[in-house]
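Worksheet for the structure shown next.
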């Protein structure tokens, strides 16, 4: 296995790990906030505090999702640039 293959493999593993982490964050957000809203409204006084938990956690989740997509696009552009550099080097040396 060459160095470029191992780095491509490592990059793919990191991307899958980041995507899985983002999905777990979203699923946890939905489940926990659903339970919090149920507990808050079960008290009979309407929604008192669950709204604030959902808002602030939602902002955090939005940043997580945004960072994932920014990182994916940045990594993809970097990969394409490095691949083009390697192709030019092979053309000169060969």
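Nothing in this text is a laboratory measurement; each read-out follows from the coordinates by a stated rule. Remember, predicted model here, so these are calculated numbers, not experimental data.
So the values come out like this:
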quantity: Kirkwood hydrodynamic radius over Cα pairs of the chain, then Stokes diffusion coefficient at 25 °C and 0.890 mPa s, in µm²/s; calculated: 147 µm²/s
quantity: Folded to 0 to 90 degrees: helix 50-93 orientation relative to the chain principal axis, Cα; calculated: 0 degrees
